[in-house]
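Chemist: Before anything else, here's the structure in question.
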Amino acid sequence: MKVLYALYADPETAQRAVDALHAACSELNFDERQIVIISGEPHEGYDFADSHITRRPYGWAVFGAAIGAGCGYLLTTLTQRAYPIFTGGMPLSPMWTDGIIVYELTMLGAILTALITLLVGAKLPNFKGVIKDPEIWLGKILVGVADPLESSQQDVQECLLGAGAAEVKQFSGVSD
Amino acid sequence: MQKTVEQIEQDLQRPTGRTQRAAERIEQDLLRPIFTTSGKYKVAVAVSGLLVLAGVAAFGYQLYTGIGVWGINSPVFWAFDITNFVFWIGISHAGTLISAILRLCNATWRRPVTRCAEAITVFSIVIGGLIPLCHIGRPWLGYWLIPYPNQRGIWPNFRSPLLWDFFAILTYLTGSTTFLYLPTIPDFAAIRDASTGFRKKICRILSLGWQGTPRQWQRLEIAMHIMAIAIVPVAVSVHTIVSWDFSMTLVPMWHSTIFGPYFVTGAIFSGIAALILAMALLRHFLHLEQYLTPLHFNNLGKLLLTMSLLWFYFTFCERLTTWYGNTPDEMAVFWQSIRLHFAPLFWTMVICNLIIPVPILSMKRFRTITGTAIASSTIIVGMWIERFLIIVPALDHKFLPFSWGVYRPTWVEDTLMASSFGMMALLYLLFSKAVPMISIWEMKVGLQPHGGGIITTAPAIAEPHGLVLEGPLPTDVPE
């Protein structure tokens, strides 16, 4: 993977660069999905950051909780019913004590689903072609285009510089 | 195209330029302890390592000789080990619970505190979880504790609080570890990019190939939010279930309805104390003075004061109800702890948990770093004694006087207890060498205008103010 990118000192100029790239993408023959944005911290209140907002993980967590609850119920109920136990008139599968285990497994289900949702949603783990620049960790925001056409590289560079970048750099695609 | 000197100077005068310099300094300050090792650190590792080794030796002796080397007897089958178990599970409430609540409340001053707290949680649960393995005497059969049905002819009893413990601790350990790990991923990526060799390889794996795209940040923040919502009720349930180990039995002074909230209160109380103590030590040894400020200790000190009073309230309720009931079996235990054999321990507990900390923590001039650390130290001691006093006096004075017994701990139990503290210190020290003890990216968020850092002037914001607003900028000019 080859990425042409520039580093921006603040989210406002990064947003300008992203807007410029969005405006130019059809003219320069690249897809919007080829625009790369990387920062060392989250930025709220900017289009480039907020465009990925979704509530779906919450729904998945609830779904995971329901799965956990179902597993808890099956574990406690089926197991106890399978025992050849004489309970002396006591309920074979007592609701109160089973409820404690069902509760714990419900929460475990939600927690594990939240973790899985993060990994899937953030496309992790992904060890190939990790784009990095040491200045990202010093507060700069990387904006660039992945695999631009040879013919449009000059225009992409101008686009990035026009938004306020000091220089345009290139990532060769060698993973660490 | 390079920037001109005039442009760079202009940048530095703009808030953005200052923020960047602050971000750079945060990066340097928080990564420094990972890449440099001081003499004090080595001494601390050696001392805690020796304690752990002593514990391993004592445990080896116990395995070789048998669990008879402990002071437990009939009727005191639970003593130091379960005291330690309850104590460490209680300490674990420091981190995740406090961190989750502060995250949900969006308290900006939490940022330097959360990771210190979350690490305490994970290591405390690990230590707490090891203790039952020691207690069962034959740890190689420890997997029998795992309740899977109808294997080996053993039927897990889902009505047993000990089985609930398994599920509760499993859930809490999973949740706490995840809660600690998730916000560490970007920091592992920062270490990956700043290091070489073996450390780089490890951090490459642990960072999972993190880049920092908006999509990744957004998903991480949502995951943290879900975790924070889920972990609070789990934390409360864990110590409630630990309390049910006792209150579900018909032992004098155990069969109590307030044991659940009493234990949870005690757990949060001891947890905050442990957190303050850990923060004070980190601040000193890792030179994090600009990050762990007096404001953090002041705020946590107020919380500790509240918990101290709440703990006293529960203790008073518990004792008053027993005294008013005046049943002979319960009064036997009551007087043992108040006036007779265990009275010195009881009054030491009251002094450590109430008499010393309350005056210190109620006056602002004493609610300093030193003051809160002193109060926390006494509380740690007091809360360990509290756990002991819940367990042992009740067991050695059960219903029938002919079965009354006396418990005296042996050197093996003393060593194992000391070793658990050593293990906590060692794990914490090793962790501080692998991971920044303050989340770098969260601190940087604090520098953003909406993050409560550079624009907000409220003194309550505990970002490194000196760093952002008043601190001298480094003299070198960025290229």
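Chemist: When the helices in chain A are scored as -39500 (n - 2.57) per DSSP H run of 4 or longer and the sum is shared across all residues, what 222 nm value do you end up with, to the nearest 500 deg cm²/dmol?
Modeler: -15500 deg cm²/dmol
Chemist: Evaluate the relative contact order of chain A (contact order divided by residue number), counting alpha-carbon pairs under 8 angstrom at least 6 apart; express in whole percent.
Modeler: In percent, rounded to a whole number, it is 52.
Chemist: Rounded to the nearest 500 deg cm²/dmol, what is the calculated helix-only ellipticity per residue at 222 nm for chain B, with -39500 (n - 2.57) per DSSP H run of length n ≥ 4?
Modeler: That comes out to -22500 deg cm²/dmol.
Chemist: Here is a follow-up. What is the helix-to-structure angle for B:411-434, meaning the angle in degrees between its Cα long axis and the longest Cα principal axis of chain B, kept from 0 to 90 and rounded to the nearest 10?
Modeler: The angle comes out near 10 degrees.
Chemist: How far is it, in nm, from the label point at B:Ile258 to the one at A:Lys128 when both lie 7 Å from their Cα along the line to the Cβ?
Modeler: Inter-label distance under the simple model: 6.3 nm.
Chemist: Among A:Gly64, A:Gly45, A:Gly144, which one shows the biggest mean-square fluctuation in a GNM of chain A, springs joining Cα atoms closer than 10 Å?
Modeler: Greatest mean-square fluctuation among the candidates belongs to A:Gly45.
Chemist: Against the longest alpha carbon principal axis of chain B, how many degrees, from 0 to 90 and to the nearest 10, is the axis of helix B:161-181 turned?
Modeler: Once rounded, the angle reads 10 degrees.
Chemist: What size of dipole, in debye to the nearest 20, comes out for chain B about its Cα centre when the only charges are +1 on Lys and Arg C-beta atoms and -1 on Asp and Glu C-beta atoms?
Modeler: Its charge dipole is roughly 420 debye.
Chemist: May I ask you to list the trypsin sites (Lys or Arg not before Pro) in the range A:68-135 that are in a DSSP loop and have at most 16 other Cβ atoms within 10 Å of their Cβ? Kindly include the intermediate steps, with their values, before the conclusion.
Modeler: Working: sites: A:Arg81, A:Lys123, A:Lys128, A:Lys132; in loops: A:Lys123, A:Lys128, A:Lys132.
Of the trypsin sites (Lys or Arg not before Pro), the ones in loops of the range A:68-135 whose Cβ has at most 16 other Cβ atoms within 10 Å are A:Lys123, A:Lys128.
Chemist: As I understand it, the dipole of the protein assembly as shown uses +1 on the Cβ of Lys and Arg and -1 on the Cβ of Asp and Glu, about the Cα centre. Which of B:Thr327, B:His93, A:Pro134 lies farthest toward its positive end?
Modeler: B:Thr327
Chemist: What ranking of A:Ile53, B:Ile127 emerges when the number of other C-beta atoms within 10 Å of each C-beta is taken as an exposure proxy, fewest first?
Modeler: Listing A:Ile53, B:Ile127 from fewest to most nearby Cβ atoms yields A:Ile53, B:Ile127.
Chemist: Provide the net charge surrounding A:His22, with neighbours chosen by a C-beta distance below 10 Å and charges set as Lys +1, Arg +1, Asp -1, Glu -1.
Modeler: Net charge in that neighbourhood comes out at -3.
Chemist: Once every Cα of the protein assembly as shown carries one equal point scatterer and solvent is ignored, give the base-10 log of I(q)/I(0) from the Debye formula at q = 0.06, 0.08 Å⁻¹, two decimals.
Modeler: Summing over Cα pairs of the protein assembly as shown leads to -0.39, -0.67.
Chemist: Please list, in chain and number order, the residues 5+ apart from A:Lys169 or on another chain whose amide H is under 5 Å from its amide H, with Hs placed from the backbone.
Modeler: A:Tyr5, A:Ala6
Chemist: Please give the helix B:259-285 orientation as an angle from the longest Cα principal axis of chain B, in degrees from 0 to 90, rounded to the nearest 10.
Modeler: Value to nearest ten degrees: 40.
Chemist: Shifting gears a bit: Of A:Ala82, A:Tyr5, A:Ala20, which is farthest towards the positive pole of chain A's charge dipole, taken about the Cα centre with +1 and -1 on the beta-carbons of Lys, Arg and Asp, Glu respectively?
Modeler: So the residue furthest toward the plus end is A:Ala82.
Chemist: What's the Cα-based Rg to Rh of the range A:56-121, Rh via Kirkwood?
Modeler: Values: Rg = 15.0 Å, Rh = 12.8 Å.
Reported Rg/Rh (Cα atoms, Kirkwood Rh): 1.17.
Chemist: What's the local net charge at B:Arg103, with K and R +1, D and E -1, over the other residues with C-beta under 13 Å away?
Modeler: Spelling it out: positives minus negatives among the neighbours equals 0.
Chemist: Then there is this: Excluding B:Val333 itself, calculate the net charge of residues whose Cβ lies under 14 Å from the Cβ of B:Val333, where each Lys or Arg counts +1 and each Asp or Glu counts -1.
Modeler: Local net charge: -1.
Chemist: With a point put 7 Å past each Cα toward its Cβ, work out how far A:Tyr58 is from B:His287 in nm, to one decimal.
Modeler: 4.5
Chemist: Counting Lys and Arg as +1 and Asp and Glu as -1, each charge on the Cβ, what is the dipole of the protein assembly as shown about the Cα centre in debye, to the nearest 20?
Modeler: For the protein assembly as shown, the charge dipole is close to 1600 debye.
Chemist: Taking amide H atoms as placed 1.01 Å from N in the peptide plane, list the residues 5 or more away in sequence, or in a different chain, whose amide H sits under 5 Å from that of B:Trp254.
Modeler: Excluding prolines and chain starts, which carry no amide H, there are no hits.
Chemist: For B:Glu221, A:Glu12, which order do you get if you count the other beta carbons within 10 Å of each Cβ and list the fewest first?
Modeler: So the residues, fewest neighbours to most, are A:Glu12, B:Glu221.
Chemist: Give me B:Cys317, B:Cys105, A:Cys159, B:Cys352 ranked fewest to most by other Cβ atoms within 10 Å of their Cβ, as a rough exposure proxy.
Modeler: Listing B:Cys317, B:Cys105, A:Cys159, B:Cys352 from fewest to most nearby Cβ atoms yields B:Cys105, B:Cys317, B:Cys352, A:Cys159.
Chemist: Right, something else. How large is the dipole of the range A:1-147 about the Cα centre if only Lys and Arg carry +1 and Asp and Glu carry -1, each at its Cβ, rounded to the nearest 20 debye?
Modeler: 700
Chemist: Could I ask something else about it? Considering the options A:Ile116, A:Gly164, A:Val62, tell which one lies farthest towards the positive end of the dipole of the range A:24-176, charges being +1 on Lys and Arg and -1 on Asp and Glu at the Cβ, about the Cα centre.
Modeler: Farthest towards the positive pole: A:Val62.
Chemist: Tell me the relative contact order for the range A:56-121 as a rounded percent, counting alpha carbon contacts under 8 Å between residues six or more apart.
Modeler: 58
Chemist: Okay, next question. Describe numerically, in nm with one decimal, the distance between label points set 7 Å from Cα along Cα→Cβ at B:Lys40 and at B:Lys302.
Modeler: My value for the distance between the label points is 2.9 nm.
Chemist: What whole-number distance in Å separates the alpha-carbon centres of the range B:28-70 and the range B:374-398?
Modeler: Rounded to whole Å, the Cα centres lie 24 Å apart.
Chemist: Stokes-Einstein diffusion coefficient for chain B at 10 °C in a medium of 1.306 mPa s, Rh from the Kirkwood formula over Cα pairs: what value in µm²/s?
Modeler: The Stokes-Einstein estimate is 66 µm²/s.
Since every read-out is calculated from the coordinates, none of them should be taken as a lab result. In this text, all values refer to a predicted model and were calculated from it rather than measured experimentally. Note that we place each Cβ from the backbone using ideal geometry, even for glycine, and neighbour counts take in every protein chain shown.
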